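Rule-based calculations on the coordinates, nothing more; no lab input. Computed from a predicted structure; not experimentally measured. Neighbour counts run over all protein chains shown; Cβ positions are idealised from the backbone, glycine included.
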Amino acid sequence: MSVTAIATATASAIGSFRTRRSTNGVSRFKMSVRSSSVSMAAAPMLTKLQQDCATPLPVLRNVAASMSDDIRAGLAVDGGSDLKMILSYVDSLPTGDEKGLFYALDLGGTNFRVLRVELGGKDKRVIAIESDQVSIPQELMSATSEELFDFIASALANFAHKGGNFPGKKGEIGFTFSFPVKQTSIDSGILIKWTKGFAVSGTVCIINFGFLGLTLWSSFITEHMLRHCLAHAGKDVVACLNEAMDRKGIDMRVSALVNDTVATLAGARYWDDDVMVSVILGTGTNACYVERMDCIPKLQGEFSPSRRTIVNLEWGAFSKGLPLTVFDRDMDAASINPGEQANSSFNIFEKTISGMYLGEIARRALLHMAEEGSLFGKSVPEKLSMPFVLGTPDLSTMQQDGTEDLHTVGSVLYNVAGVETNLSSRKIVLEVCDTIVKRAARLAGAGIVGILQKIEEDTKDAIFRKRTVVAMDGGLYERYPQYRRYLKEAVAELLGPETSQNIVIEHSKDGSGIGAALLAATNSKYGRNL
């Protein structure tokens, strides 16, 4: 819909949403009269936003090429590009021959999961999966590392005993640890820093992104907690967990340390040998892929027998060629982690494409339109000034609104941000949502193509001329239909109709859990654990 059409959609008076109590105490909407002219001043601002967020094919091609270049530079030498290109030490992928009972521990936020996976080889594959989710008590966020890992080890022991089949031999665990780690082997890694809100100070505020399957610390924690978290940096997280299991008398050991993206690739590869790339698009985002070792100069010729390994891009830090708005820059400046240079963009790719930030970018754009263009009338709703009050789940809910008067859009805006709207302003809000989400998904698609192009260049037509699968996981990709569609459209535009038919973008739901257990099996130290 054009901006002019939106601004003139209702030349006569249009009703706006208000709630009032009915006689039975239930909230209901009341229609009040307001002229649609209040939205006309915001129309040029929408045009400017759409221009700044535009992702035509030349922009996407530049992003894809820059991603490929950064991958090469990061593989050549540590620090060679924005991309860390972390070696996962996963040199053997699941084949289907794996048998036995293996455990997975998935730690990536204020909740963690424990899983028990029974594998039956090629004939039976996955015989059974059991899992449990455990919330980490708030006080443990400021406790010692021993207390935190003791709690995790106790939960693991309870889960294993509850199943009635605690292994008599040494149990083996795949440990998914979704924080920045400098991996030193398949079963060891040094914590670089805590993320997901731990590197800030003040008081605690929790925002629940249930749509994305994760509760995040998004505001502030105490100075004591900050000092404690930074004190953990430099520790081997596998050693911390192994020592905790020793203290609890648990006869188990970590056989594989991976992040969620690597585990997702392993889980998807177990079912489909054509999987070459894995991407997480949820609250945060990352990507990894299978690389030939002779294409990694910084390995200096140290190859495993398989001569292949999974490389973790940490692609949230990518920054080249991105179409950014003033709202992106303002949000970036407000969220730079302590210790980062004040004039640098921290994880700007993640901030333009992942679920943590899309709602906040839209909120900032709408607040600007409300203040400078009277989008919602003469007054600016106070709640709209609160950072992160509008979440990405809210954008998705509004974009699924199929009612003629956009009733759902009005309800979300009123309930979440206290905003009263008319039909004309609701249409502009929808355009803002679509603009932010379309840019995000298309940039993510360009990033995927950049990875594929890099592999293709080194393998001489071994990717684009055959079936190649990109395994996707994360609530943003899974639960936001428009995002999913825009991403696939961008990939098809960049690759062309013939090549794009060979690239399968496939949802791998919850692949990281079983993937970690499979990598424990693949890297088994003690033999089968039936």
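What the table below lists for this structure:
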item: Base-10 log of normalised Debye intensity for the stretch 396-476 (one unit scatterer per alpha-carbon) at q = 0.19, 0.21, 0.22 Å⁻¹; result: -0.84, -0.95, -1.01
item: HN-Hα J in Hz across the stretch 243-259 - Karplus 6.51, -1.76, 1.60, θ = phi - 60°, x for Gly and Pro; result: 5, 5, 5, 4, 5, 8, x, 9, 8, 9, 9, 7, 9, 8, 10, 9, 9
item: Per residue, the convex hull volume that the Cα atoms of the stretch 93-149 enclose (Å³); result: 90 Å³
item: Pairwise FRET efficiency - Asp273 versus Gln50, Cβ, R0 = 45 Å, nearest 0.05; result: 0.60
item: Length-normalised contact order for the stretch 437-529 - Cα pairs under 8 Å, 6+ apart - percent; result: 38 percent
item: Partners for Lys378 among lysines (Cα-Cα distance below 23 Å; same-chain residues under 8 apart left out); result: Lys30, Lys48, Lys427
item: Distant-in-sequence amide H partners of Thr176 (H built 1.01 Å from N, under 5 Å); result: Leu105, Asp106, Leu107, Val258
item: Relative packing of 239-247, 297-305, 413-421, which averages over residues the other C-beta atoms within 10 Å, highest first; result: 413-421, 239-247, 297-305
item: Alpha-carbon centroids, the stretch 399-441 and the stretch 452-530: separation in whole Å; result: 32 Å
item: Distant-in-sequence amide H partners of Val504 (H built 1.01 Å from N, under 5 Å); result: Thr468, Val469, Val470
item: Mean projected area (nm²) of the alpha-carbon convex hull when the stretch 48-160 is viewed from all directions; result: 13.2 nm²
item: Partners for Lys320 among aspartates and glutamates (Cα-Cα distance below 14 Å; same-chain residues under 8 apart left out); result: Asp69, Asp70, Asp82, Glu350
item: For Gly282, distant residues with modelled amide H under 5 Å away; result: Gly355, Leu476
item: Over 28 Å (Cα to Cα) - which of Lys298/Lys488; Lys466/Lys488; Lys122/Lys509 fall in this group; result: Lys298/Lys488
item: Quotient of Cα Rg and 2.2 N^0.38 Å for the stretch 238-346, N being how many residues it contains; result: 1.45
item: J(HN,Hα) series, the stretch 441-447, from Karplus relation 6.51 cos²θ - 1.76 cosθ + 1.60, nearest Hz, glycine and proline x; result: 5, 5, 5, 4, x, 5, x
